[in-house]
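> Before we start, here is the structure in question, set down as structure tokens.
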Amino acid sequence: MSKKKKQTKVKNNSKILAYIAWTLAIIALVLSSLLVGYYIGYDNAKEDIQKYVQKEKKKKLALVHKIEKVQPKKIEDVKSHLKKILKKETKKEKTKVYISASHEIDGGSLAHIPKMAKRKKNLTSSRPKLAIIIDDVGTMSQVNAIKNLHLPLTMSFLPPSAGRPNTPKLAQKEQFYMIHLPMEAMNWSAEEPHTLRIHDSQKVISKRIADIKKLFPKVHYINNHTGSKFTANEIAMNKLIFALKKNNIYFIDSRTTAKTKAPKVLKNFGLKYLSRDVFLDHHMDKPYVLKQIRQAIKVAKLHGSAIAIGHPHKNTLQALYESKKLFKDVDLVLINKIR
């Protein structure tokens with residue numbers, strides 16, 4: 001090969017190598033740019049994520065503060081609402097404002113409150129059940145106040161009277177309710193009309209229960225309003241349970257006297273005895289009611305179930321509203337779920 005040709009070939013090879021070198025340099029530059037861009041972008045992304053997290057934290061904190069501010073206000077709103085609607089009933093529905101629950105007890109004194117019936121301890125693993133009956137329900141205002149609590153409370157309606165003519169209509173709108181049947185007391189001057197008395201005949205008592213069934217077709221549970229004298233009389237209680245059984249109505253003993261004959265009579269009829277364990281509101285102040293609610297929950301836990309009785313008084317309803325967290329330890333149920 002001539003010297004000239006060799007020089008040309010070397011020159012061409014040098015050019016090719018130069019092109020390759022430049023190409024590799026350009027590729028390296030591009031890759032470097034991409035890598036730099038990636039890391040810069042990554043850092044920016046990290047910064048954006050941190051900003052987003054901080055923003056979300058601030059949102060959550062703001063929400064918590066908002067809830068903390070609103071919650072007490074909500075409780076106050078409920079309190080004022082209950083107070084307002086319970087006051088309204090006096091003029092609108094011509095009924096007396098509820099005064100005290102002590103009228104239910106023989107003698108009307110806290111010293112005479114009959115103890116709860118003897119109960120066996122709960123030996124099952126099932127959650128305890130608590131039924132709360134609200135007695136003396138007689139007006140639309142009371143019904144609204146109770147329902148506004150959004151708790152499964154059993155309303156026990158008084159039979160109609162001149163002061164409360166609309167109780168059958170009010171009960172008709174409810175899926176489940178009880179009747180708070182007036183019975184003779186040892187010491188109570190303000191008797192309800194058609195109060196059952198110990199000397200009433202079987203015919204009179206049976207007719208009264210039949211009339212109640214006509215007025216309140218869905219009723220399957222009755223508890224006594226006052227009745228310390230009536231429930232302590234075995235003959236009178238036999239007549240009553242006979243009439244109730246005939247109409248497929250169960251008796252819940254409000255236990256207004258320690259001398260009640262209901263356990264014996266119900267056993268003779270082959271029926272289970274169910275009674276009040278705790279009265280919620282013999283004192284009018286809310287701290288007392290709250291204490292009694294805790295007591296009812298304690299009884300339910302100890303025995304597997306419990307029945308408490310209260311009245312549509314604003315302090316009672318407010319105490320029930322404020323006890324919603326306490327009720328998480330039990331199943332709050334209607335009276336038909338207590339066995």
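Please treat every number below as a calculation from the coordinates, not as lab data. The model shown is predicted, which means the values in this text are computed figures rather than measured ones. With ideal geometry, Cβ positions are generated from the backbone for all residues, glycine too; neighbour counts draw on all protein chains shown.
> Only sites in a loop by DSSP and with at most 16 other Cβ atoms within 10 Å count here; which GluC sites (Glu not before Pro) in region 176-278 make the cut?
Sites meeting the loop and neighbour criteria: E191.
> Once the piece of chain linking K207 and L326 is laid out straight, how much longer is it, given 0.36 nm per residue of separation minus the C-alpha distance between them?
Separation in residues times 0.36 nm, less the Cα-Cα distance, equals 38.6 nm.
> Could you tell me, in Å, what Rg and Dmax come out for the Cα atoms of region 98-337?
Here Rg and the maximum Cα pair distance are 16.7, 49 Å.
> In whole angstrom, note down how far apart the Cα centers of region 151-195 and region 243-276 are.
18 Å
> Sequence-distant or interchain residues sharing an amide H contact under 5 Å with H225, placed H: which?
Here L181, M183 satisfy the definition.
> Holding the Cα-Cα limit at 29 Å, pick out from K129/K245; K118/K169; K120/K213; K169/K207; K218/K267; K115/K239 the pairs that are longer than that.
Violating the 29 Å limit, Cα to Cα: K118/K169; K120/K213.
> Continuing with this model, one more query. Considering all alpha-carbon pairs of region 121-191, what whole percent are spaced by more than 13 angstrom? Spell out each step's value before the answer.
Working: 1741 of 2485 pairs.
Cα-Cα pairs in region 121-191 separated by more than 13 Å: 70 percent.
> Note the direction-averaged projected area, equal to a quarter of the hull surface, for the Cα convex hull of region 216-259, in nm².
Averaged projected hull area, Cα only: 3.0 nm².
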